[in-house]
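Contents: one structure, followed by commentary.
We did not get these values from a lab; they are worked out from the coordinates using the rules stated. For clarity, every value in this text was computed on a predicted model and none was experimentally measured. Cβ: placed from backbone, ideal geometry, glycine included. Neighbour counts: every protein chain shown.
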């Protein structure tokens, strides 16, 4: 079964450090390939406590969009779990250079556990199992950050990670299924994150079959993201949902179907 599993939907420091929502990242199972994106605090626990449980040893790759702790905190324990404590060398790790070089978040001790470490770059193209993905453009964020566009025979899934909106951002993430980190209810020039106004513009241009909002900051959580998603669906005429902790979206022949 092909699916997207949201192991957590908290965004930014306050929602994460208070665990108002969970922060385990996103597990994608597609074309018999298993990838985990942005394993933040609690990722391992969220995998093992899912129903049914997700076995880290099934992973083919772990991808970090950037080094911030809400996206990378569990990277090393997930490498340990993916490789059965280092006893089975397998899997790949993808991360920007500043997550690997000076002051790395991917510790050197665990790097020999995996088959390959790959540095993400702007306009990069990569392959994991039967999946290919690209990092089309560097985002405007406080550290080196990339979104992803994953391609399979069935569909294209894009993930817009943390960024300030910039001109033509949406052109780089044309896809059937759009996953977008929306931390802010209202835009703030001094905070490099997307707001509802930004995501409305992005969805209007891309018109994906399904958009899934996630990575909510406190202002978004207080405003009830599911109500915001419903408002956007009606306004734009596209299927928009707000992820909840543990939400699983099954990708079927009609592209995708939400299962709660």
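Cα extents of the range 100-153 along the three principal axes, largest first, in whole Å?
If we take the Cα atoms of the range 100-153, the spans are 36, 29, 11 Å.
For the range 117-256, count the residues as N, evaluate 2.2 N^0.38 Å, and divide the Cα radius of gyration by that value, please.
On the way: Rg = 14.7 Å, N = 140, 2.2 N^0.38 = 14.4 Å.
For the range 117-256, the normalised Cα radius of gyration is 1.02.
If you fit an axis through the alpha-carbon atoms of helix 196-206 and take the longest principal axis of the Cα set of the chain, what angle between them do you get, 0 to 90°, nearest 10?
With rounding to tens, the tilt is 80 degrees.
Taking Cα atoms, how many degrees apart are the long axis of helix 225-236 and the longest axis of the chain, rounded to 10 and kept between 0 and 90?
Between the helix axis and the principal axis of the chain, the angle is about 60 degrees.
What is the antiparallel percent of DSSP beta bridges lying wholly in the chain, to the nearest 5? Intermediate values should be presented prior to the final figure.
On the way: 29 of 54 bridges.
The answer is about 55 percent antiparallel.
Taking the Cα atoms of the range 1-75, report the difference between the largest and smallest coordinate on each principal axis, in whole Å and largest first.
35, 25, 17
Sorted by average packing, counted as other Cβ atoms within 10 angstrom per residue and highest first, what order do 15-23, 154-162 take?
Result, highest mean first: 154-162, 15-23.
Considering only C-alpha atoms, what is the centroid distance from the range 66-89 to the range 200-239, in Å?
Taking the Cα centre of the range 200-239 as reference, the centre of the range 66-89 is 31 Å away.
Let me have the 222 nm mean residue ellipticity of the chain computed from DSSP H runs of 4+ only, each contributing -39500 (n - 2.57), with the sum over all residues rounded to the nearest 500.
Result for the chain: -5500 deg cm²/dmol, rounded to the nearest 500.
Evaluate 2.2 N^0.38 Å with N set to the residue count of the chain, then give the Cα radius of gyration divided by it. Walk me through the numbers before you get to the answer.
Numbers: Rg = 16.8 Å, N = 260, 2.2 N^0.38 = 18.2 Å.
Normalised by 2.2 N^0.38 Å, the Cα Rg of the chain equals 0.92.
For each of 146, 190, count neighbouring Cβ atoms within 10 Å of the residue's Cβ, then give the residues from fewest to most.
190, 146
Looking at the range 1-130, send over the antiparallel percent of its DSSP beta bridges, to the nearest 5.
Approximately 50 percent, going by the DSSP bridge assignments.
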